[in-house]
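Accompanying notes for the structure given below.
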Amino acid sequence: MNLLHLLFDRFTILLTAVVVLATVVPAQGAFAVFFDWLTHAGIALLFFLHGARLSRRAIIDGAMHWRLHLLVFVCTFAMFPLLGLALGPVLRPLLGDALWLGMLYLCLLPGTVQSAIAFTSIARGNIPAAVCAASASSLVGIVLTPLLAGLVLGSTGAGVPLGEAVLKIGLQLLLPFAAGHALRPWIGSWVMQQQRWLRLVDQGSILLVVYTAFGAAVLDGIWRVVPAWALAQLVVCCVVLLALVLVATTWLARTLGFSVEDEITIVFCGSKKSMATGVPMAQIIFSGGAAGLAILPLMVFHQIQLMVCAVMARRYAERDRLASALEEPVAPR
């Protein structure tokens, strides 16, 4: 896979274009109402298809390597939130309340599925474990993230109502997901054959949410709240957060005696945060322009994690070639 394509893929370009479009032409009036309905429909379809894709075999297999999956789970849903809270005294004055809450929200999200598996594959890690760990993280996050958001964000004074958030997540995300999984015996094989359309629905729903959320945020004055210097500070904060998590996951994997292949899986599955889950969920948990501010740190972190992990995956993949070179006998002169 071309490294430049990993760093700046088509979706990243589209995401940037949608942010520019929302800045220049935000949805207003009846147009905004139409896009709001379209966005909710796209999100429901996205999670319905995710439910139809998830194999029960993957859930069962995921329980077999329980030490690895437990560590990925702890890194994703415990270490990340604790880091976000611990960095609060620095991040809150540096970024302001709105972006700091966005950073906290980022820390509560489940991991990615596609990119975690892709990077594990490139790095020659434990791919079956990555599939199970990433899928389990995504599934558990649908329920756990809104609970954590109610507890963590509510305790910071953000006023995120726990019961309302859980109810909305259940109706708009979990119900379509459960319906898709219940219909998997009849539509599962067909859904798995439509990978191109699934990718379009996946990315299209994210772009719709970004457009509507950023449009509302622009109307509320997001670029007055987040000038260029604040955006630069946000980038630095995301880099520091990712670096801390990568160091911690690597150290934990080695300290607990995991193999190199398992270490790769832990690092790539335990350090990522999902836009596919985070962006639609922010639309439900946060209201109006607050959703745009909430997903801005996620968008920045998402691109940084792709760029850094692309380089790391290449370096991990080099280990076999270097090992083979060291084992080759030196020819006598």
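The values are calculated or read from the model by the stated rules, or taken from the named source; none is laboratory data. Here the structure is a predicted model, which means the values were calculated and not measured. These accessible areas exclude ligands, DNA and RNA; they are computed on the full protein's heavy atoms, side chains included. Shrake-Rupley method; radii C 1.70, N 1.55, O 1.52, S 1.80 Å.
Quick one: accessible surface of V225, probe radius 1.4 Å, all protein chains present, in square angstrom to the nearest 10.
Accessible surface of V225 is approximately 80 Å².
Expressed as a whole number of Å, what is the distance separating the alpha-carbon centroids of the range 72-106 and the range 201-237?
About 18 Å separates the Cα centre of the range 201-237 from the one of the range 72-106.
For the range 162-317, what is the Kirkwood estimate of the hydrodynamic radius, computed as the reciprocal of the mean inverse distance between distinct Cα atoms, to one decimal in Å?
That comes to 18.2 Å for the range 162-317.
Provide the gained length on full extension for the span A41 to D220, in nm with one decimal, where the gain is 0.36 nm per separating residue minus the Cα-Cα distance. Don't skip to the answer; put the middle values down first.
Numbers: separation 179, 0.36 × 179 = 64.44 nm, distance 2.46 nm.
Length difference between fully extended and current span is 62.0 nm.
What percent do you get for the relative contact order of the range 57-150 when only Cα pairs under 8 Å and 6+ apart count? It would help to have the intermediate numbers written out before the result.
Details: 74 pairs, mean separation 33.8, N = 94.
Once divided by the residue count of the range 57-150, the mean separation gives 36 percent.
Calculate one ³J(HN,Hα) per residue across the range 207-220 by plugging θ = phi - 60° into the Karplus curve 6.51 cos²θ - 1.76 cosθ + 1.60, and present them in order as whole Hz with x for glycine and proline.
5, 4, 5, 4, 5, 5, 5, 6, x, 5, 5, 5, 5, 8
Of all accessible surface on the range 66-140 at a 1.4 Å probe, what whole percent is carbon and sulfur?
75 percent
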